[in-house]
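Take a look at the structure set out below.
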Amino acid sequence: MRQKNNVTLTTLQIMAKGLQVSFAELLAGGKKAPEWAHRLDDNAIRKRLARIIDFERQRRTLHRYEMAELIGVAEATFTKLERASGNISVDTIAAIAKALKLNPATFLFSEKIPPTTVLAFFDKVEK
């Protein structure tokens with residue numbers, strides 16, 4: 001399912017900086033991203049993705065291993081996603097969007113990212 005030489009969030013961040021465009025412009029794939037999204041970096045995208053998958057897992061009342069299976073990743077990879085860590089690939093983001101039936105070009109830029117107690121903890125730790 002994954003492609004060889006897949007681009008990661010860190011690589012996209014470097015590319016965006018080199019091209020002097022926002023990270024959101026590269027991720028949105030030609031679709032218009034909201035103005036505030038242009039201030040996001042790879043760490044912010046990881047946090048937003050973590051909130052989305054945590055919310056969806058709880059909404060669907062799935063165990064972590066079930067959610068990992070649903071989105072097509074190993075449970076260890078899912079744990080990294082849920083903790084907003086690791087270097088996530090664009091293919092993984094697209095697979096998550098497809099599994100959750102969300103538009104991969106825009107689902108990270110929703111203004112209504114669900115809150116999560118897990119990420120609230122990580123946000124405090126980072127400060």
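Explain nothing, just compute: Karplus ³J(HN,Hα) = 6.51 cos²θ - 1.76 cosθ + 1.60, θ = phi - 60°, for every residue of the range 44-57 in order, whole Hz, x for Gly and Pro.
Working through the residues one at a time gives 5, 5, 4, 5, 5, 4, 4, 4, 5, 6, 5, 4, 5, 5 Hz.
I'd like the carbon and sulfur percentage of the solvent accessible area for the range 24-110, probe radius 1.4 Å, heavy atoms only, ligands and nucleic acids excluded.
C and S fraction of accessible area: 50 percent.
Go ahead and run the numbers for FRET between residue 55 and residue 76, Cβ-Cβ distance against an R0 of 25 Å, rounding to 0.05.
According to the calculation, E is roughly 0.75.
With labels modelled as points extended 7 Å from the Cα through the Cβ direction, what inter-label distance (nm, one decimal) is found for residue 98 paired with residue 39?
For residue 98 paired with residue 39, the spin-label model returns 3.4 nm.
For the pair residue 6 and residue 63, what calculated FRET efficiency results from E = 1/(1 + (r/R0)^6), where r is the Cβ-Cβ distance and R0 = 22 Å, to the nearest 0.05?
0.25
Of 31/80; 80/101; 17/47; 31/101, which ones are farther than 25 Å apart at the Cα?
Details: 31/80 28 Å; 80/101 21 Å; 17/47 20 Å; 31/101 18 Å.
31/80, as the Cα separations exceed 25 Å there.
Order 73-86, 26-39, 43-56 from most to least packed using the mean count of other Cβ atoms within 10 Å. Before the final figure, lay out each step's value.
Details: 73-86: 17.0, 26-39: 14.6, 43-56: 19.8.
Final packing ranking: 43-56, 73-86, 26-39.
The values are calculated or read from the model by the stated rules, or taken from the named source; none is laboratory data. Given the structure is predicted, the values throughout are model-derived calculations rather than measurements. Here Cβ is always computed from backbone atoms with ideal geometry, including for glycine, and neighbour counts include all displayed protein chains. These accessible areas exclude ligands, DNA and RNA; they are computed on the full protein's heavy atoms, side chains included. Shrake-Rupley method; radii C 1.70, N 1.55, O 1.52, S 1.80 Å.
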